[in-house]
Amino acid sequence: DGGITQSPKYLFRKEGQNVTLSCEQNLNHDAMYWYRQDPGQGLRLIYYSQIVNDFQKGDIAEGYSVSREKKESFPLTVTSAQKNPTAFYLCASSTRGETQYFGPGTRLLVL
Amino acid sequence: GNSVTQMEGPVTLSEEAFLTINCTYTATGYPSLFWYVQYPGEGLQLLLKATKADDKGSNKGFEATYRKETTSFHLEKGSVQVSDSAVYFCALSQFGNEKLTFGTGTRLTIIP
């Protein structure tokens, strides 16, 4: 089955720690995206990548980093510089210019 | 810049009631418009979309018509079910721009 997988489902971060969220897709999509969702709010774009080895900042990139070494994978690192990381993180992918499809999400909590 | 304004929730309806969730947008040109649905603890699923004025998107009994003159894309369903309980997001994108702009979401609860 084609789709987008995110892991883990829940992730706990200690103060000062970097954590990495995984996103993998087997849809052969060129573009991949990371969004953050806070309670009662819409989704906000963190980073996106249109092609391997290239990515752009979204609206709220501070405190986050990404890489795109493979077409199928777009991991997101939440660094210690992100002071309010507790949120639901959603990965999406698309053929360029087409509809975005979303993964099941990772919930990040701070210990 | 682009923006999407959705009807504030939460919305609570009885089963078999008629549903309308309002969505209006601000954008230059002719954006594509989307409704996504999010069930508890899950990611977003595409519900329907429309890419040009007067197009009607439809899926699972839900419909929305792209109205350029009123910059609206209201979601409707004639008879809701308990299984329709979820959060609904209206969104837009513009050709050549990779970003989706989302509304804040509307939580819908259907009671038997």
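Values in this text are rule-based calculations from the coordinates and carry no lab data. This structure is a prediction, so every number in the text was calculated from the model and none was measured. Ideal geometry is used to build each Cβ from the backbone, glycine not excepted, and the neighbour counts take in all protein chains shown.
Percent of Cα pairs in segment B:9-71 per distance bin of 5 Å, from zero to the largest separation: 4, 14, 24, 24, 19, 11, 4, 1.
How high is the FRET efficiency from B:Ile111 to A:Glu69, r the C-beta distance, R0 41 Å, rounded to 0.05?
About 0.25, to the nearest 0.05.
Karplus-derived 3J(HN,Hα) values for segment A:22-29, using 6.51 cos²θ - 1.76 cosθ + 1.60 with θ = phi - 60°, are 9, 9, 10, 9, 10, 9, 6, 7 Hz; glycine and proline are entered as x.
As a calculated quantity, the FRET efficiency between A:Tyr10 and A:Arg44 at R0 = 30 Å, using C-beta atoms, amounts to about 0.90. All C-alpha pair distances within chain A, sorted into 5 Å bins from zero, spread as 2, 13, 25, 27, 19, 10, 4, 1 percent across the bins. Kirkwood hydrodynamic radius of chain B, from the reciprocal of the average inverse Cα-Cα distance over all distinct pairs: 14.0 Å. Computed over segment A:44-96, the convex hull of the alpha-carbon atoms projects to a mean area of 3.8 nm². Measuring between their Cα centroids, segment B:46-87 and segment A:67-106 lie 27 Å from each other. Straight-line cross-link partners of A:Lys71 among the aspartates and glutamates, defined as a Cα under 19 Å from its Cα and at least 8 positions apart when in the same chain: A:Asp1, A:Glu24, A:Asp30, A:Asp54, A:Glu98, B:Glu98.
Using a Förster distance of 22 angstrom, determine the FRET efficiency expected from the C-beta separation of B:Ser3 and A:Glu62, and round it to 0.05.
0.50
Size estimate for segment B:46-87 follows the Kirkwood approach: the inverse of mean 1/r over distinct Cα pairs works out to 11.0 Å. Along the axis of the charge dipole computed for segment A:1-110 (Cβ charges of +1 for Lys and Arg, -1 for Asp and Glu, origin at the Cα centre), the listed residues A:Gln82, A:Leu45, A:Gln25 are led at the positive end by A:Gln82. Checked against a 30 Å cut-off, the cross-linked pairs A:Lys70/B:Lys52; A:Lys9/B:Lys49; B:Lys68/B:Lys99 give Cα-Cα distances beyond that limit for A:Lys70/B:Lys52.
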